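A short write-up of the structure that comes next.
Just so it is clear, none of the values below were taken in a lab; they were calculated from the coordinates. Treat the numbers as computed from the prediction; the structure is a model and nothing was measured. Neighbour counts run over all protein chains shown; Cβ positions are idealised from the backbone, glycine included.
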Ligand code: OAD
């Protein structure tokens, strides 16, 4: 697969709308932090991103969590407050609408903000877990986020009521495996779709970063919506047509796409 020239205009969106229409629902979305930027959640790697202020190896690695949980909880507390204040933006709404219209089959997301579900997307694969629950690193007991809110807000490290072990949000830290089954489901989805719509990811973190190549290798047409060039490989070989890049913001491009599809004589 070779990437076609970056395109900004209506023509490219119209072509994408036609491709989505023709794919008859065999469309899978892979989303990243860029989708939630206009919900006031800064992306990880951009300016103002979390990884500019917190070195991920020091603050977002499982070994760091186990050895200096107070320190890692400082970052988690800040992240949680930002995510808690956020609500879906037009990009999330548009993806949910595309699913309701029968045009999108599933959303694979690296985000842990739950905003796809809040917008109404129903088939969401959370590759990097979720902040709704926490699990004990020793005995595996799971509790709901609301059960530890007071402790966290006091600035304390939440501990397991059963064994006293550390409670860790069920989000994937560096050095951890992805949630059981999520990666397999995601791989099945991309192997079996006609179009993979990649939105708002730098495609720098594995294994999510390899999903577009896997899809292309199985014949999927890959479209990338991102105002900046991402790390998606340029030279993937696949039987499908060239990958396409749209240099647009998700919250602008996706609602326009929905309007085009609604206006269509389908
Ligand atoms: P990144 O912060 O690495 O990348 C965000 C991407 O979104 C960048 O390529 C931006 O150009 C793009 N972007 C910014 N604003 C946008 C907009 N309005 N519309 C569309 N795109 C926009 O975030 P991810 O790729 O999601 O993992 O990062 C992947 C993983 O790395 C995260 O899930 C997290 C992080 O470390 C873990 O913590 C395990």
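Assorted remarks:
- Per-peptide average of other Cβ atoms within 10 Å, ordering 38-49, 191-202 highest first: 191-202, 38-49
- Fewest-first ordering of 132, 162 by other beta carbons within 10 Å of each residue's beta carbon gives 162, 132.
- Label-to-label distance, nm, for residues given as residue 206 and residue 66 (7 Å Cα→Cβ offset): 2.1 nm
- Relative packing of 244-251, 14-21, which averages over residues the other C-beta atoms within 10 Å, highest first: 244-251, 14-21
- Shape call, the stretch 90-148: gyration tensor on alpha carbons, a/c limit 1.5: prolate
- Given their separation in residues at 0.36 nm each and the Cα-Cα distance between them, residue 52 and residue 177 gain 42.6 nm when the chain is fully extended.
- Modelled FRET efficiency - R0 51 Å, residue 218 with residue 154, Cβ distances, 0.05 increments: 0.55
- Relative contact order (%) - the stretch 1-145, alpha-carbon pairs under 8 angstrom, separation at least six: 23 percent
- With both residues required to sit in the chain, DSSP beta bridges show an antiparallel share near 25%.
- For 230, 10, 36, order by how many other beta-carbon atoms lie within 10 Å, fewest first: 10, 230, 36
- Sorted by Cβ neighbour density within 10 Å, fewest at the top, the residues 108, 125: 125, 108
- For residue 78 and residue 10, a Förster radius of 30 Å and the Cβ-Cβ distance give a FRET efficiency of 0.15, rounded to the nearest 0.05.
- Put a dot 7 Å past the Cα of residue 100, heading toward its Cβ, do the same for residue 184, and the two dots end up 3.4 nm apart.
- Percent breakdown of C-alpha pair distances by 10 Å bin, ordered from the shortest bin, for the chain: 7, 30, 34, 19, 9, 2, 0
- Over the chain, relative contact order from alpha-carbon pairs under 8 Å, at least 6 apart, %: 27 percent
- Take the Cα of residue 141, step 7 Å toward its Cβ, do the same at residue 18, and the gap between the two points is 6.0 nm.
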